[in-house]
Structure formats: structure tokens, C-alpha cells
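Notes follow once the structure below has been shown.
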Amino acid sequence: MATTTLMRDSIVGDEWIRQTVSAVPIQPCYDDKGQPTGDYLTGPVRLAFSSLFSLPAANAMNQNPKFGSMLLFPPPSIVNFQPLYDEYYKVAAAKFADRYQNGQYYGIRSPFRDQGEKMKYGGFTPGSTFLTCTSKFKPPVVDAQYNPIVDESKVYPGVWAICAVNGYSYHDQRNQGIAFGLQSVMIIGDDNALGGGPADPKQTFNKVQNVAAPIVRPENLARNMPTGQPPAPGGAPAVPQQHWAPPVPGLPQPPMQPSDDYDFLR
């Protein structure tokens, strides 16, 4: 098995990552006449939290769901982000010129985020960059031979891809900033599937050994159980017993803690 130190939870090996980054760096796309299309190839990335074949269900926090994916880049020591940085500043200059001061833009959200923000999830590597890219329309998903992929199991969290993205600005009631839209996806290689759920119980409890269940005699257990509430102090009324009752139909459930990620809401 190849050794991978550049990215977490990967088995493809550092050599493959370096070679692929070198072969397909971040770069602008051109049409058949040699003119730039406005899209950019990302170079090799891993997909996470993807919704490429169907829209996520709408809810109170996400009333306008979109297709999209998080793109996990290899470390910046081997990736040249300058083409995407140039696009960022181009869009920012066109839309947020009034927010430019002392060599930088203020009060707008950047699309470039540290994977360390989400290192509790598999594959996210602190110090490396990720983008959240979305689309109102279902993006084409193809294999390395340009064949459309219809088997959704081929596009799993952790799979390697090269994506086409383009920069745009947004301004809504929550935030304003620059983001990259997802245009299309090419799946180029397999890797470890990433998980974002609870840890494997076998790993969590691997130190729990030689623990036997207690031997309980039902007759002794019943004899030691209280038969009712304790008597009230002299002269005080007894406290009525509280019994469980099913929730009243129609009452709302307690609100869920909102996500800190609004990327898929735009």
C-alpha cells in the first residue's frame, strides 16, 4: 500500500498526488477557438458532502437547496492557487470595490477555507484548503473517458475528481462575498471512503475487556425496588407522582442547532 502523508485518510500515496497535481494544475478553461470560457479546472481534489445527482431536502435553514460538493485540495505546498486567487480578486474588484482598503477587501466572505475547520470529519487535513461549490442545475458528472456516470455509488465521499468551477459574487440577507460555482465533475480515481458519522464502536470501546454481566435474581431485584413515593413529613401533603405522557400533537419539536455552514443555501 502506498504511503500517504499529504492528506488524511488516503491510500493513493504521495507520489500519485504530486504527479496528478503536476499533470493537471489549477488552470483556466478555453473553448475550441482558444478563448477563455471563464471556468477553471481545479486539479485533483477529493469530494465531500456531495449532492450531485439530486437536490438535498429543503428545510427551514435550507429553503433553496442546490447541487454541490465540498472540494478538498492537497496542501498548498504542492498546489498553485494563483489562478483562483486572480479570479477572486477580479470578481471582488467588479462587485465590491467600495470594500477595498489597505490592499485587501473587508466585510466579504472568502471561499478559501482551512480544512482544519472540519477536521472532525474524515479526510479534512488542517493547513489545506477546501471550497464549497454549488450549482442551481445538475452538473454533468463523467469518468476519465468522458462517459456520463449514472451509478451514484461511484461518486462517494473521498473519491478523487477534477472539477470545473467559476467565480461569482453573492449578496443576500445573511452574507455577501465571493464563491465558486460548480460547472462539471470528472471522477478520476478511487480512495478510502470518508465517513462523517460516529466513530466505530469497536475502536471506541477496544479497551473494554473481561467485563461480565451481573447475575441478577428477579426475586431479589423486586424485593429491593421501592413500592411508591416516600411518606411526606408530618403535616405536609404528599407530592403527586409525575407520569410520562406522549407529546401533544401539533406542538413543534425543539429547534435544532443551526449549521455554521451556509454555503449550500446560496
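Tabulated values for the structure
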read-out: Count - residues of the stretch 1-54 that are part of a loop (DSSP other than H, G, I, E, B) and not aliphatic (A, V, I, L, M); value: 15
read-out: Among (1) within 30 Å of GLY195 (Cα to Cα); (2) part of a strand (DSSP E or B), the one test that ASN59 misses; value: (2)
read-out: THR132 vs. criteria modelled with pLDDT of 95 or more, polar (S, T, N, Q) and closer than 21 Å to LEU55 by Cβ; value: yes
read-out: Options GLY127, GLY116, GLY68: the member that is closer than 30 Å to ASP9 by Cα, part of a loop (DSSP other than H, G, I, E, B) and modelled with pLDDT of 95 or more; value: GLY127
read-out: Test result for PHE137, part of a loop (DSSP other than H, G, I, E, B), of a type outside the set (A, V, I, L, M) and either without any contact (Cβ under 8 Å) to a residue 40 or more places away in the chain or touching a Lys or Arg at 6+ places or on another chain (Cβ under 7 Å) (or both); value: no
read-out: Failed criterion for ALA97 (all others in (1) surrounded by 15 or more Cβ atoms within 10 Å (Cβ to Cβ); (2) free of Cβ contacts under 8 Å to residues at least 60 places away in the same chain; (3) more than 19 Å from ASN192 (Cα to Cα) hold); value: (1)
read-out: Matching residues, the stretch 123-179, being over 25 Å from GLN82 (Cβ atoms) and among the β-branched types (Val, Ile, Thr); value: VAL141, VAL142, ILE149, VAL150, VAL155, VAL159
read-out: Residues of the stretch 71-113 that turn out to be part of a loop (DSSP other than H, G, I, E, B) and of a type outside the set (Val, Ile, Thr), as a count; value: 15
read-out: Leading residue by the ranking (surrounded by the most Cβ atoms within 10 Å (Cβ to Cβ)) among those in the stretch 142-173 that are β-branched (Val, Ile, Thr) and either free of Cβ contacts under 8 Å to residues at least 60 places away in the same chain or in contact with a Phe, Trp or Tyr (Cβ under 9 Å, 6 or more places away or on another chain) (or both); value: VAL165
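The values are calculated or read from the model by the stated rules, or taken from the named source; none is laboratory data. Since the model is a prediction, treat every value here as computed from it, not as a measurement. Virtual Cβ from ideal backbone geometry, glycine too; neighbours counted across all protein chains shown.
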